[in-house]
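The structure appears below as structure tokens.
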Amino acid sequence: MRKLTLGAGVGLAMMCSLAMAELEPWKDYEPSEAVWMVTTVKVDANMGDVYLEGLRDTWVSSSEVAKKLGHIEDYSIMRSDLAASGDFNLLLMVKFKDTAALAPDKAKYEAFVEAYSKKRLDKTTKKAQMEYPGIRTITGSYQMREIKIK
């Protein structure tokens, strides 16, 4: 019984200290308007450059078109330098102006297909569906915002 009471007391003290430490958005920190879509990828051993080559021809080329059209603000690829990187070793990141930029938009879609070309889009989709599953695993997708602490 004494252990239970001591544990409950410690738990209550921790909860009280956490409640007192709460920050308020826009007062204590500011979330960005911009939204990053982040995909974590585990690329198989010795397949990093093969996957990057494929991304150059698919994801990077389509991201360049989206950026030129103003559909996205930026995109990035980050790769771990460490061999034992855990659940993922590559990040694919796309920056959007705001949440509204993520909404479905027929005019944007049609402009993208026209700029990228339907034939190229089909080739990209086929490459991603046929080749990528054998060399990588997508381990997560996240919608994130930068936080500026005041």
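The values are calculated or read from the model by the stated rules, or taken from the named source; none is laboratory data. Please read all numbers here as calculations on a predicted model, not as lab measurements. We place every Cβ from the backbone using ideal geometry, glycine too, and count neighbours over all the protein chains shown. Ligands, DNA and RNA are stripped out before the accessible areas are found, and what is left, the full protein with its side chains, is counted by its heavy atoms. Shrake-Rupley method; radii C 1.70, N 1.55, O 1.52, S 1.80 Å.
Figures for the structure shown
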{"quantity": "Count - residues of the stretch 127-138 that are surrounded by 10 or more Cβ atoms within 10 Å (Cβ to Cβ) and over 20 Å from the mean Cα position of the chain (by Cα)", "calculated": "2"}
{"quantity": "Strands (runs of 3 or more DSSP E) fully within the stretch 33-121 counting 1 or more residues that are among the β-branched types (V, I, T) and open to solvent by 60 Å² or more (accessible area, probe 1.4 Å)", "calculated": "74-79"}
{"quantity": "Unmet requirement for T124, which otherwise passes all of (1) surrounded by fewer than 13 Cβ atoms within 10 Å (Cβ to Cβ); (2) touching a helix residue (DSSP H, G or I) at 6+ places or on another chain (Cβ under 7 Å)", "calculated": "(1)"}
{"quantity": "Search result, residues across the stretch 62-110 that are among the aromatic types (F, W, Y) and either touching a residue at least 12 places away in the same chain (Cβ under 8 Å) or touching a Leu at 6+ places or on another chain (Cβ under 7 Å) (or both)", "calculated": "Y75, F88, F96"}
